[in-house]
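Peer 1: Pasting a structure below so you can have a look.
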Amino acid sequence: NLYRPSQSPYADIQAASLLTQILTECIVSVERESDTVQSRYIRQAQDYMTANFKQHISLDMLANVVSLNKYYLQKLFLQKTSFTPNQYLTNIRISRAKELLRMTRIPVSAIAEETGIENTSYFIRIFRDHEGMTPAEFRRTWRSDK
């Protein structure tokens, strides 16, 4: 319709504008689709880590689970969550440890094992780095608040 003889002298400009809008919508929809697929991979990796946090999970293993290259998975995971897969796994483990410290009287060594960290000293160090106090201090602080 823009190029009918009775149309305005600005028909080329209007046509170019419409084409730009159409192409922009195409590019945006492809980006949205790509973002959705990428998010699906990340959710799958997160679900796997949440369900299996007690086990040793390597980046290679996680990449196999989601069928991605391990370097691409690490980059994508960081981009989408602001955490590396290892940091995310540590957050899951620390959250579970905090829950056990608050709700039970299980020894710290058993909690370390329950959260997938076999070395108690390493568990205490990670917990202190993450929470700013040892697991025993965390338990005492929480119990004194009650």
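Peer 1: Among the numbered criteria (1) open to solvent by 90 Å² or more (accessible area, probe 1.4 Å); (2) in contact (Cβ under 8 Å) with a residue 24 or more places away in the chain, which single criterion is violated by R43?
Peer 2: (2)
Peer 1: Need at least 3 residues that are aromatic (F, W, Y) per element, so show me which helices (runs of 4 or more DSSP H) inside the range 107-146 make the cut, counting only ones lying wholly within it.
Peer 2: 120-131
Peer 1: Take the residues of the range 47-98 that are charged (D, E, K, R), in contact (Cβ under 8 Å) with a residue 40 or more places away in the chain and more than 15 Å from F127 (Cα to Cα): which is most open to solvent (accessible area, probe 1.4 Å)?
Peer 2: K54
Peer 1: List the residue pairs whose Cβ atoms are under 7 Å apart, where the first residue sits in the range 110-131 and is on the phi < 0 side of the Ramachandran plot and basic (K, R), the second is assigned to a loop (DSSP other than H, G, I, E, B) and open to solvent by 20 Å² or more (accessible area, probe 1.4 Å), and the two are 6 or more positions apart or on different chains.
Peer 2: Close Cβ pairs (under 7 Å, with a partner that is assigned to a loop (DSSP other than H, G, I, E, B) and open to solvent by 20 Å² or more (accessible area, probe 1.4 Å)) amount to R128/T134.
Peer 1: Still on this structure, I have one more. For the range 104-114, give me each residue that is open to solvent by 50 Å² or more (accessible area, probe 1.4 Å) and of a type in the set (S, T, N, Q).
Peer 2: The answer is S109, and nothing else.
Peer 1: Output the number of the condition that L101 fails; it satisfies all remaining conditions of (1) closer than 22 Å to D47 by Cβ; (2) crowded, with 20+ Cβ neighbours inside 10 Å; (3) not polar (S, T, N, Q).
Peer 2: Of (1) closer than 22 Å to D47 by Cβ; (2) crowded, with 20+ Cβ neighbours inside 10 Å; (3) not polar (S, T, N, Q), only one is false for L101: (1).
The values are calculated or read from the model by the stated rules, or taken from the named source; none is laboratory data. None of these values were measured; they are calculated from a predicted model. Please note: Cβ atoms are built from the backbone with ideal geometry, for glycine as well, and neighbour counts cover all protein chains shown. Just the protein is used for accessible areas: all its heavy atoms, side chains included, with ligands, DNA and RNA removed. Shrake-Rupley method; radii C 1.70, N 1.55, O 1.52, S 1.80 Å.
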